[in-house]
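Peer 1: Have a look at this one before I ask anything.
The values are calculated or read from the model by the stated rules, or taken from the named source; none is laboratory data. For clarity, every value in this text was computed on a predicted model and none was experimentally measured. Neighbour counts run over all protein chains shown; Cβ positions are idealised from the backbone, glycine included.
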Amino acid sequence: MRKVSQRTAEGIKYRVEQLLEALHYKHPVEGELAKWVSNQEADLVMKLAAVGLIAKPEVKLAAKLQPFIKSYVDERTDVKPATKEVWRQGEMGLIEFFGQDISLRNVTPGDADRYKLHLIGKKLAPMAIRKRLQFATMVFRAAVRRRLIAESPFADVSIKASMPNRERFISLEETSKLLEACPNSDWRAIVALARLGGLRCPSEVLSVRWQDVDWNAGRILVTSPKTEHHPGKGTRTIPLFPELRPVLAEAFELAPEGAVYMVDERKRASSQGKAGWRNCNLRTQFERIIKLAGLTPWPRLFHNLRSSRQTELAERFPTHVVCDWVGNSEDIARKHYFQTTDDHFAKAASEGFRGGAESDAPKAQNKAQQTHAVNRGESQLAHSTLEVATLCAASDYTPQNAATSQGGWGGIRTPVWLPP
């Protein structure tokens, strides 16, 4: 038996009396008393449990880092496998630093601070450090809620989010070049759905079925694997934009009989991994297409296609409508999607400020300049849109499948609209 000082013994006696009182009056053990119990050595905890003052501590004593992380991640059935794959980096970081057998209650706030400095010392990107600290915070917060520890050592440990500017606006003119450089209709559909439809690639692009296209109503039903776990967010409907229609009509014409998905189903099959969706080598092939189009590959290849479309649509439609079509929130759109383009600067420089008091210049001249600028901008947009819209359209274009099949292939809607 280990000897302790008189003061320590009196402190233990006081806590035991508190436990007896809680037991007698059937009060829960909370606050400072619960924290004191959780911080005691295993032998004392076992003695308290042996006389019925606290619950049996086997589960708490077995709460070691790696087993707890595994059980916690396994229980999280509300997240997708791809998310758990991302968490894997956070798990490896914690185990590398603390060891797999460390008890959760032996990790202190000072240890958490040292872990943060360890990550910084490894020269990881600020966002990577932030994600690993967020994972650690989530794990230890879960341990608190399970009453395995009294407080989280990571409660006050964080790092400011900081990402380099990786935005790149892909203009309609550049989109036209990309479509010309695509080797086949599958790739033209992929690029068009991402850039002109604003779909996530690969998950949403490769999930579009022919039966989801309503040619007469001018709408497309988009299935969203990323957001399907949110109530009512598994699908959304987008317009069949005029510049998107001829590209999809060409893909419809060239699709094999009986095709279900718009893009070759082999790409969809190769994109399905144990951890969810992956790029199935689309990125490598797309970089080749970009270079073939005479462009330089940009960061976040497919995200910036989608981001460019949302920025473009926001110029013409209310924000809440655009976010509904693109499938994100207004807050996320402001943080990660909306971009400031060269056209914004050009328009501001040519039109000036038209709200409030007019300048001292003659109003007639001011109005004429504004009209010229607007007409020029609309003309440029119409010209670029026309380039995209006519890229895949032929002079005498009638989908053969529409002529030979009354109901399409396997329930597919046949396009009544015929491109010029």
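Peer 1: In segment 275-308, how many are at pLDDT 80 or above and more than 17 Å from the chain's Cα centre (by Cα)?
Peer 2: Count: 17.
Peer 1: Pick from segment 312-328 the residues that are closer than 12 Å to I238 by Cβ and touching a Lys or Arg at 6+ places or on another chain (Cβ under 9 Å): which of them is surrounded by the fewest Cβ atoms within 10 Å (Cβ to Cβ)?
Peer 2: The first filter runs over segment 312-328 and keeps only residues closer than 12 Å to I238 by Cβ, leaving 313, 317, 321-327.
Restricting the remaining residues to those that are touching a Lys or Arg at 6+ places or on another chain (Cβ under 9 Å) gives 322, 324-327.
Details: V322: 23, D324: 15, W325: 19, V326: 24, G327: 21.
Only one residue fits best here, namely D324.
Here's the yes/no breakdown for (1) farther than 21 Å from C182 by Cα; (2) surrounded by 14 or more Cβ atoms within 10 Å (Cβ to Cβ); (3) within 15 Å of the chain's Cα centre (by Cα); (4) in contact (Cβ under 8 Å) with a residue 60 or more places away in the chain:
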{"site": "R219", "(1), (2), (3), (4)": "yes, yes, no, no"}
{"site": "T227", "(1), (2), (3), (4)": "yes, yes, yes, yes"}
{"site": "I238", "(1), (2), (3), (4)": "yes, yes, no, yes"}
{"site": "V263", "(1), (2), (3), (4)": "no, yes, no, yes"}
{"site": "Q310", "(1), (2), (3), (4)": "yes, yes, no, yes"}
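Peer 1: Has segment 102-115 got any residue that is over 30 Å from H229 (Cβ atoms), touching a strand residue (DSSP E or B) at 6+ places or on another chain (Cβ under 8 Å), not in a helix (DSSP H, G or I) and not small (G, A, S)?
Peer 2: Scanning segment 102-115, I find at least one residue that is over 30 Å from H229 (Cβ atoms), touching a strand residue (DSSP E or B) at 6+ places or on another chain (Cβ under 8 Å), not in a helix (DSSP H, G or I) and not small (G, A, S), so the answer is yes.
Peer 1: Is it the case that segment 293-300 has a residue that's in contact with a Ser or Thr (Cβ under 6 Å, 6 or more places away or on another chain), farther than 20 Å from G327 by Cα and surrounded by fewer than 19 Cβ atoms within 10 Å (Cβ to Cβ)?
Peer 2: no
Peer 1: Might you check whether a residue that is within 21 Å of G327 (Cβ to Cβ), at pLDDT below 95, of a type in the set (D, E, K, R) and assigned to a loop (DSSP other than H, G, I, E, B) occurs anywhere in segment 262-274?
Peer 2: No: zero hits.
Peer 1: Scan (1) surrounded by fewer than 13 Cβ atoms within 10 Å (Cβ to Cβ); (2) within 25 Å of I102 (Cα to Cα); (3) modelled with pLDDT under 90; (4) not aromatic (F, W, Y) for the single condition P57 breaks and write down its number.
Peer 2: The single condition P57 does not satisfy is (1).
Peer 1: Here's a follow-up. All but one of (1) modelled with pLDDT under 80; (2) not assigned by TED's automatic domain parsing to the domain that holds V139 hold for Y14; state the number of the condition that does not hold.
Peer 2: (1)
Peer 1: With respect to I170, determine if the residue is farther than 28 Å from H229 by Cα and surrounded by 18 or more Cβ atoms within 10 Å (Cβ to Cβ).
Peer 2: Spelling it out, I170 is indeed farther than 28 Å from H229 by Cα and surrounded by 18 or more Cβ atoms within 10 Å (Cβ to Cβ).
Peer 1: While we're on this one: Among the residues of segment 12-22, are any within 16 Å of R145 (Cα to Cα) and out of contact with any Pro (no Cβ under 7 Å at 6 or more places or on another chain)? Break it down stepwise before answering.
Peer 2: If we filter segment 12-22 for residues that are within 16 Å of R145 (Cα to Cα), which is where we start, we get none.
Looking for residues that are within 16 Å of R145 (Cα to Cα) and out of contact with any Pro (no Cβ under 7 Å at 6 or more places or on another chain), one finds none in segment 12-22, hence no.
Peer 1: Can I ask one more? Need the failing condition index for K122 against (1) surrounded by fewer than 19 Cβ atoms within 10 Å (Cβ to Cβ); (2) more than 26 Å from the chain's Cα centre (by Cα), just the number.
Peer 2: Every listed condition holds for K122 apart from (2).
Peer 1: Which residue is surrounded by the most Cβ atoms within 10 Å (Cβ to Cβ), if the candidates are limited to segment 175-215 and must be within 23 Å of S270 (Cα to Cα) and among the basic types (K, R)?
Peer 2: Result: R195.
Peer 1: Follow-up question, since we're still on this one. Name, by its number, the condition in (1) part of a helix (DSSP H, G or I); (2) hydroxyl-bearing (S, T, Y); (3) in contact with a Leu (Cβ under 7 Å, 6 or more places away or on another chain) that does not hold for S158.
Peer 2: Going through the list (1) part of a helix (DSSP H, G or I); (2) hydroxyl-bearing (S, T, Y); (3) in contact with a Leu (Cβ under 7 Å, 6 or more places away or on another chain), S158 breaks only (1).
Peer 1: What are the residue pairs meeting all of these: first residue in segment 290-305, first residue of a type in the set (G, A, S), second residue buried (at least 20 other Cβ atoms within 10 Å of the Cβ) and part of a loop (DSSP other than H, G, I, E, B), Cβ atoms under 9 Å, and 6 or more apart or on different chains?
Peer 2: These pairs meet every condition: A293/C182.
Peer 1: From the list D78, D43, D101, D113, which residue is within 16 Å of A142 (Cβ to Cβ) and either out of contact with any helix residue (DSSP H, G or I) (no Cβ under 8 Å at 6 or more places or on another chain) or exposed (fewer than 15 other Cβ atoms within 10 Å of the Cβ) (or both)?
Peer 2: Exactly one of D78, D43, D101, D113 is within 16 Å of A142 (Cβ to Cβ) and either out of contact with any helix residue (DSSP H, G or I) (no Cβ under 8 Å at 6 or more places or on another chain) or exposed (fewer than 15 other Cβ atoms within 10 Å of the Cβ) (or both), namely D78.
Peer 1: Counting just the residues of segment 125-163 that are more than 22 Å from R88 (Cβ to Cβ) and of a type in the set (G, A, S), which one comes out surrounded by the fewest Cβ atoms within 10 Å (Cβ to Cβ)?
Peer 2: Within segment 125-163, the match that is surrounded by the fewest Cβ atoms within 10 Å (Cβ to Cβ) is S162.
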